[in-house]
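First the structure, in the form of C-alpha coordinates, and then the observations on it.
The values are calculated or read from the model by the stated rules, or taken from the named source; none is laboratory data. Predicted model only: the values in this text are computed from it and were never measured. Heads up, the Cβs are rebuilt from the backbone with ideal geometry, glycines too, and the neighbour counts pull from every protein chain shown. Areas reflect the complete protein model, heavy atoms only, side chains present, ligands, DNA and RNA absent. Shrake-Rupley method; radii C 1.70, N 1.55, O 1.52, S 1.80 Å.
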Amino acid sequence: MSSPATPIQGSRPVTPPLTSAGSPRSPVSPKSLHPPGCRHRDRSPSPMRGYLIPSPLPTRRNRTCSATARASEGPVFSGVCKCFSRSKGHGFITPSDGGNDIFVHISDIEGEYVPVEGDEVSYKVCSIPPKYEKVQAVEVTITHLNPGSKHETWSGHIVSS
(Lines give C-alpha, C1' and ligand atoms only; values in the text may rest on other atoms or scores of the structure.)
Protein backbone atom coordinates (compact mmCIF):
# COMPACT_ATOMS: atom_id res chain seq x y z
CA MET A 1 0.00 0.00 0.00
CA SER A 2 2.66 2.50 0.85
CA SER A 3 5.92 2.86 -0.91
CA PRO A 4 9.19 3.14 0.96
CA ALA A 5 10.22 6.69 1.81
CA THR A 6 12.65 8.25 -0.53
CA PRO A 7 14.86 11.15 0.47
CA ILE A 8 13.92 14.51 -0.96
CA GLN A 9 16.56 15.72 -3.25
CA GLY A 10 16.89 19.40 -3.53
CA SER A 11 19.44 22.12 -3.70
CA ARG A 12 20.48 21.74 -0.02
CA PRO A 13 22.66 18.87 1.18
CA VAL A 14 21.14 16.45 3.72
CA THR A 15 22.92 16.49 7.09
CA PRO A 16 23.57 13.00 8.45
CA PRO A 17 22.18 12.26 11.95
CA LEU A 18 24.51 12.51 14.94
CA THR A 19 25.93 9.19 16.06
CA SER A 20 25.97 9.93 19.81
CA ALA A 21 24.92 12.79 22.07
CA GLY A 22 28.46 13.22 23.36
CA SER A 23 30.14 13.47 19.97
CA PRO A 24 32.33 16.48 19.29
CA ARG A 25 29.92 17.65 16.59
CA SER A 26 27.00 17.75 19.05
CA PRO A 27 26.23 21.33 20.11
CA VAL A 28 24.49 20.14 23.29
CA SER A 29 25.82 17.42 25.56
CA PRO A 30 23.61 15.80 28.24
CA LYS A 31 25.77 17.23 31.02
CA SER A 32 25.26 20.79 29.81
CA LEU A 33 21.49 20.52 30.13
CA HIS A 34 21.71 20.62 33.93
CA PRO A 35 23.28 23.50 35.86
CA PRO A 36 26.49 22.54 37.62
CA GLY A 37 25.34 22.65 41.26
CA CYS A 38 22.00 21.00 40.60
CA ARG A 39 21.09 18.17 42.93
CA HIS A 40 18.55 15.57 41.99
CA ARG A 41 15.67 15.36 44.45
CA ASP A 42 15.30 11.82 45.77
CA ARG A 43 11.59 12.03 46.46
CA SER A 44 8.76 13.86 44.85
CA PRO A 45 7.08 16.77 46.64
CA SER A 46 3.94 16.16 48.63
CA PRO A 47 0.84 15.84 46.45
CA MET A 48 -0.99 18.06 48.96
CA ARG A 49 1.52 20.91 48.59
CA GLY A 50 -0.72 22.88 46.23
CA TYR A 51 -3.74 22.46 48.50
CA LEU A 52 -2.23 23.57 51.80
CA ILE A 53 -3.41 26.90 53.15
CA PRO A 54 -0.63 29.12 54.47
CA SER A 55 -0.79 29.93 58.17
CA PRO A 56 -2.54 33.25 58.81
CA LEU A 57 -0.42 33.88 61.91
CA PRO A 58 2.25 36.46 61.21
CA THR A 59 5.60 35.35 62.58
CA ARG A 60 8.56 37.64 62.93
CA ARG A 61 9.74 36.53 59.49
CA ASN A 62 6.58 37.25 57.52
CA ARG A 63 5.20 40.21 59.47
CA THR A 64 5.14 43.39 57.44
CA CYS A 65 7.39 46.29 58.34
CA SER A 66 4.40 48.51 59.09
CA ALA A 67 2.89 45.93 61.48
CA THR A 68 6.23 45.59 63.25
CA ALA A 69 6.53 49.37 63.56
CA ARG A 70 3.00 49.69 64.95
CA ALA A 71 3.69 46.95 67.51
CA SER A 72 7.00 48.53 68.54
CA GLU A 73 5.35 51.90 69.15
CA GLY A 74 2.56 50.39 71.24
CA PRO A 75 2.39 50.11 75.03
CA VAL A 76 4.09 47.35 77.00
CA PHE A 77 1.78 44.93 78.80
CA SER A 78 2.52 42.37 81.50
CA GLY A 79 1.14 38.93 82.11
CA VAL A 80 1.87 35.37 83.13
CA CYS A 81 2.77 32.52 80.80
CA LYS A 82 -0.18 30.14 80.85
CA CYS A 83 1.50 27.48 78.69
CA PHE A 84 4.19 27.23 76.07
CA SER A 85 5.20 24.27 73.91
CA ARG A 86 8.62 24.49 72.34
CA SER A 87 7.88 21.54 70.06
CA LYS A 88 4.64 23.11 68.78
CA GLY A 89 6.23 26.55 68.60
CA HIS A 90 3.58 28.54 70.41
CA GLY A 91 1.86 29.21 73.71
CA PHE A 92 -0.50 31.55 75.54
CA ILE A 93 -0.13 34.43 77.96
CA THR A 94 -2.74 35.40 80.56
CA PRO A 95 -2.81 39.22 80.80
CA SER A 96 -2.37 40.76 84.27
CA ASP A 97 -5.37 43.02 83.74
CA GLY A 98 -7.64 40.06 82.90
CA GLY A 99 -9.24 39.37 79.57
CA ASN A 100 -8.74 36.63 77.03
CA ASP A 101 -5.48 34.70 76.74
CA ILE A 102 -3.08 36.03 74.13
CA PHE A 103 -1.33 33.85 71.57
CA VAL A 104 2.48 33.98 71.38
CA HIS A 105 4.62 32.48 68.60
CA ILE A 106 8.08 31.05 69.26
CA SER A 107 9.69 33.61 66.92
CA ASP A 108 8.47 36.46 69.14
CA ILE A 109 10.17 35.26 72.34
CA GLU A 110 13.23 37.31 73.23
CA GLY A 111 15.80 36.34 75.80
CA GLU A 112 17.79 33.33 76.90
CA TYR A 113 15.10 31.04 78.33
CA VAL A 114 12.12 29.12 76.96
CA PRO A 115 9.05 30.33 78.88
CA VAL A 116 7.30 27.90 81.23
CA GLU A 117 3.99 28.04 83.05
CA GLY A 118 4.03 30.74 85.72
CA ASP A 119 6.78 32.94 84.29
CA GLU A 120 6.01 36.65 84.42
CA VAL A 121 6.43 38.26 81.02
CA SER A 122 6.22 41.67 79.40
CA TYR A 123 5.02 42.00 75.81
CA LYS A 124 3.52 44.21 73.15
CA VAL A 125 0.59 43.29 70.94
CA CYS A 126 0.09 43.01 67.20
CA SER A 127 -3.17 42.40 65.33
CA ILE A 128 -3.65 39.07 63.55
CA PRO A 129 -4.96 39.08 59.97
CA PRO A 130 -7.26 38.58 58.11
CA LYS A 131 -9.87 40.48 60.16
CA TYR A 132 -7.44 42.07 62.64
CA GLU A 133 -9.89 41.42 65.48
CA LYS A 134 -7.56 39.26 67.58
CA VAL A 135 -4.08 40.06 68.81
CA GLN A 136 -0.90 38.13 69.42
CA ALA A 137 1.99 38.93 71.76
CA VAL A 138 5.21 40.21 70.21
CA GLU A 139 8.56 41.23 71.71
CA VAL A 140 7.91 38.88 74.65
CA THR A 141 10.50 39.09 77.42
CA ILE A 142 10.55 37.03 80.61
CA THR A 143 10.72 39.48 83.53
CA HIS A 144 10.63 36.97 86.42
CA LEU A 145 11.30 33.24 86.22
CA ASN A 146 8.79 31.02 88.02
CA PRO A 147 10.57 30.00 91.24
CA GLY A 148 11.00 26.29 91.82
CA SER A 149 10.65 25.27 88.18
CA LYS A 150 13.32 24.11 85.76
CA HIS A 151 14.02 26.40 82.84
CA GLU A 152 15.53 25.41 79.52
CA THR A 153 17.72 27.69 77.47
CA TRP A 154 17.27 27.85 73.70
CA SER A 155 20.52 25.87 73.34
CA GLY A 156 19.02 23.01 75.42
CA HIS A 157 20.71 23.47 78.81
CA ILE A 158 18.42 23.02 81.81
CA VAL A 159 18.77 25.47 84.70
CA SER A 160 17.02 25.18 88.08
CA SER A 161 15.73 28.44 89.49
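Of all the criteria given as (1) closer than 13 Å to Val125 by Cβ; (2) crowded, with 17+ Cβ neighbours inside 10 Å, the one not satisfied by Phe84 is (1). Each residue in the range 106-148 was checked for being open to solvent by 60 Å² or more (accessible area, probe 1.4 Å) and among the charged types (D, E, K, R), and 7 pass. The set of residues in the range 89-105 that are open to solvent by 10 Å² or more (accessible area, probe 1.4 Å) and assigned to a strand (DSSP E or B) comprises His90, Phe92, Thr94, Pro95, Ile102, Phe103, His105. For first residues located in the range 89-118 and of a type in the set (Asp, Glu), partners that are outside any strand (DSSP E or B) and lie 6+ apart or on another chain with Cβ distances below 8 Å form the pairs Asp108/Thr59; Asp108/Arg60; Glu112/Trp154; Glu117/Asn146; Glu117/Ser149. The set of residues from the range 149-161 being within 26 Å of the chain's Cα centre (by Cα) and open to solvent by 60 Å² or more (accessible area, probe 1.4 Å) comprises Glu152, Trp154, Ser155, His157. Scanning the range 143-161 for residues that are without any contact (Cβ under 8 Å) to a residue 60 or more places away in the chain, within 21 Å of His105 (Cβ to Cβ), assigned to a strand (DSSP E or B) and not polar (S, T, N, Q) yields one hit, His151.
Being touching a helix residue (DSSP H, G or I) at 6+ places or on another chain (Cβ under 8 Å), in a strand (DSSP E or B) and not basic (Lys, Arg) holds for only one residue in Val140, Val121, and it is Val140.
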